[in-house]
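Scroll down for the structure; my scribbles are underneath it.
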Amino acid sequence: QCGLPVTDRAGNFREVELGYEESEGQEEAGRCLNCGYCCECFQCVAACKAEAVTLDTHAEKPETLELQTGSIILSPGFQPFDPSRFETYHYTNHPNVITSMEFERILSASGPTMGHLVRNSDHAEPKKIAWMQCVGSRDINRCDHGYCSSVCCMYAIKEAVIAKEHAGESLDCTIFYMDMRTHGKDFEIYYNNAKDKHGVRFIRSRIHTIDPKLDDDSLILKYATEEGVFVEEEFDMVVLSVGMEITPQVVQLADDLGIALNEDNFCHTEPFKPVNSSLEGVFVCGAFQGPKDIPQSVMEASAAACASSVILSESRGTEIKTKVIPDEIDVADAEPRIGVFVCNCGINIGGVVDVPAVTEYAATLPNVVFTDQNLFTCSQDTQEKIKKVIQEENINRVVVAACSPTTHEALFQDSLSESGLNKYLFEMANIRNQNSWVHRDDPEA
């Protein structure tokens, strides 16, 4: 089907091998990937730039390990609710109806559009975006999830604010909600700022149906205001704020372990023992205990670790592995050799600061022998890159121009220590909080 018929080849210069159309190519690739066996061509090894797939890992076979443990902490997480079952939302057949997780990827600098906010159907920049709250939460009629997923209100507000930062304040962002549950620290302040400073619209109404517009790729939402006024409004994109749910695999895991679940399939815990499961010695944290955001999950993880360590007190310190740090290099009499690493950080910095120009300027400064720019300087692969550069370029001073030293300075100092340098031979320039955020509305300043 991919070759030009023989009868059509004579007397012309048309291509004989026509290749696949896009849809045909996707279908053929899907068939190939799902063929169910490996032909040992090892193209996966050649294609994996991160070297996560090697000849050694390719040859690995499944194996069962038996571990002797004194306690177990379960944190299997959750899965986002799949809105495909809601036919009136047209999620499966309209490209401009997307989930909140998919919208996050669009906003991400490492996402499919490199952080450029466009809609899927025609890659046009949207002028109006709507968020629909409580999709898969607080709904016992269509999905039997009567609980609140806790995080959806705040992430929708965050996405709306960041969308305005990407596309400009002229972007119309509207959030349709039942109740705004901004119960965390300073969450209400963030909500009020989104409404009063950024101009995000909040409309208390639960939308039943998304109607695709027939003559273009827009979407029509019909709703009633709190005053009882019926409104029909057109949007370029609709984002479904999907909730959390426990996967069937986790339910099966709990059943295998003999752990009690509540009516919503989250782990059953007691009010004064929020990280203790019904099975002694097994602790839980994160979304498996109940819907929650990242800070609360981290707090619970600390509590679970603390609770598990209590019953392990007799074994404490018996299997400690000490991290080996190389001897510190004496650079007291050495000529300063400075390496400068500038972080792009997607829209946070690169959207305002001319990162290539900053990197070029840093190279002209005295004693600077190496400069580089990175998408995310705080990532683990960049830390390894910094350590490699320190060795190869004989660098004895490091400057990182990125975000707040409050959260990341210790990370970079550890990289210096692991390279044999005194960790205080490091300086951090906060070009996010003190530059790009300050001049967001006036980048030329």
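The values are calculated or read from the model by the stated rules, or taken from the named source; none is laboratory data. What you see is a predicted model, and the numbers here were worked out from it, not measured in a lab. Reconstructed Cβ throughout: ideal geometry from the backbone, glycine too, with neighbour counts over all protein chains shown.
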- Are any residues in segment 304-346 in a loop (DSSP other than H, G, I, E, B) and either touching a Ser or Thr at 6+ places or on another chain (Cβ under 9 Å) or among the hydroxyl-bearing types (Ser, Thr, Tyr) (or both), and if so, which ones? 311, 312, 316, 318, 322, 325, 326, 328, 329, 344, 345, 346
- Message: I'm trying to understand the selection: among the residues of segment 397-427, which are over 22 Å from the mean Cα position of the chain (by Cα) and within 16 Å of residue 355 (Cβ to Cβ)?
- Response: 399, 400, 401
- Subset tally (residues that are closer than 21 Å to residue 310 by Cβ and in contact (Cβ under 8 Å) with a residue 40 or more places away in the chain) for segment 276-290: 8
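Which residue, of 327, 293, is loosely packed, with under 10 Cβ neighbours inside 10 Å, in contact (Cβ under 8 Å) with a residue 60 or more places away in the chain and out of contact with any His (no Cβ under 7 Å at 6 or more places or on another chain)?
Just a single option satisfies the conditions, and that option is 327.
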- Would it be correct to say that residue 422 is within 30 Å of residue 323 (Cβ to Cβ), of a type outside the set (A, V, I, L, M) and out of contact with any strand residue (DSSP E or B) (no Cβ under 8 Å at 6 or more places or on another chain)? yes
- Task: Determine whether segment 220-234 contains at least one residue that is of a type in the set (Gly, Ala, Ser) and under 29 Å from the mean Cα position of the chain (by Cα).
- Result: no
- Message: Every residue in segment 242-285 that is in a strand (DSSP E or B), over 15 Å from residue 72 (Cα atoms) and not β-branched (Val, Ile, Thr), please.
- Response: 244, 245, 261, 270, 273
- Message: Tell me yes or no: at least one residue of segment 348-356 is free of Cβ contacts under 8 Å to residues at least 24 places away in the same chain, crowded, with 16+ Cβ neighbours inside 10 Å and either small (Gly, Ala, Ser) or not in a loop (DSSP other than H, G, I, E, B) (or both).
- Response: yes
- Query: Looking at residue 419, is it surrounded by 14 or more Cβ atoms within 10 Å (Cβ to Cβ), of a type in the set (Gly, Ala, Ser), more than 30 Å from residue 107 (Cβ to Cβ) and not assigned by TED's automatic domain parsing to the domain that holds residue 117?
  - Reply: yes
- residue 317 meets each of (1) out of contact with any helix residue (DSSP H, G or I) (no Cβ under 6 Å at 6 or more places or on another chain); (2) surrounded by 18 or more Cβ atoms within 10 Å (Cβ to Cβ); (3) at positive phi with one exception, condition (2)
- Determine, yes or no, whether residue 368 is of a type in the set (Val, Ile, Thr) and either free of Cβ contacts under 8 Å to residues at least 60 places away in the same chain or buried (at least 20 other Cβ atoms within 10 Å of the Cβ) (or both). yes
- Query: When you go through 410, 402, 429 one by one, which is the residue that is farther than 15 Å from residue 337 by Cβ, in contact (Cβ under 8 Å) with a residue 12 or more places away in the chain and touching a Lys or Arg at 6+ places or on another chain (Cβ under 9 Å)?
  - Reply: 402
- Message: Please verify whether residue 107 is crowded, with 18+ Cβ neighbours inside 10 Å, aliphatic (A, V, I, L, M) and either in contact with a His (Cβ under 6 Å, 6 or more places away or on another chain) or modelled with pLDDT of 95 or more (or both), treating the condition exactly as stated.
- Response: no
- Message: Checking residue 88 against (1) over 30 Å from residue 235 (Cβ atoms); (2) over 27 Å from the mean Cα position of the chain (by Cα), only one condition comes out false. Which one?
- Response: (1)
- Pick out the one residue from 136, 36, 77 that is at pLDDT 90 or above, surrounded by fewer than 17 Cβ atoms within 10 Å (Cβ to Cβ) and on the phi > 0 side of the Ramachandran plot. 77
- Message: Tell me which strands (runs of 3 or more DSSP E) are completely within segment 169-241 and hold 3 or more residues being touching a residue at least 24 places away in the same chain (Cβ under 8 Å) and within 20 Å of residue 101 (Cα to Cα), or say none if there are none.
- Response: 172-177
